[in-house]
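Since the structure comes first, as structure tokens, the remarks are kept for the end.
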């Protein structure tokens, strides 16, 4: 005689599904990558003069001048007497560098001209004056 034994029911195993978690992690990664903005060379808070024909910022060495006539090269303070020497040192390490001058709009014009002269005496003639882009009034 043949006996039929009933099969035991298996208890479902508790498992942690990884695939949906990976999807959520990738979605969060994409969200943060898209929503984050990168700001370059914004160490000193200056009130830059505005202009309507501002070009995109290029890479180079930044010379910042605050309203109190203090000079910074790449956010490091430099005495005004040493500016010419420091520019020459920068050009020795990277000969094709561009000097970007960021001057506060309250900086005296005569001091800005003196800084420009020191940069040229340091050997750099690829100089850019940075300004903020103004929004043009369409309804003039």
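Here are the numbers for this structure:
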| read-out | value |
| --- | --- |
| Residue among 87, 100 that is in a strand (DSSP E or B) and touching a residue at least 12 places away in the same chain (Cβ under 8 Å) | 100 |
| Test: residue in region 34-47 that is modelled with pLDDT of 80 or more and either farther than 16 Å from residue 131 by Cβ or not in a loop (DSSP other than H, G, I, E, B) (or both) | yes |
| Region 75-102, residues that are modelled with pLDDT under 90 and touching a helix residue (DSSP H, G or I) at 6+ places or on another chain (Cβ under 9 Å) | 80, 97 |
| Matching residues, region 96-121, being more than 22 Å from the chain's Cα centre (by Cα) and more than 10 Å from residue 63 (Cβ to Cβ) | 106, 107, 108, 109, 110, 111, 112, 113, 114, 117, 120, 121 |
| Selection from region 74-84 of residues that are touching a residue at least 12 places away in the same chain (Cβ under 8 Å) and farther than 16 Å from residue 127 by Cα | 75, 80 |
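The values are calculated or read from the model by the stated rules, or taken from the named source; none is laboratory data. For clarity, every value in this text was computed on a predicted model and none was experimentally measured. Don't worry about glycine lacking a Cβ; one is built from the backbone with ideal geometry, like all the others, and counts go over all protein chains shown.
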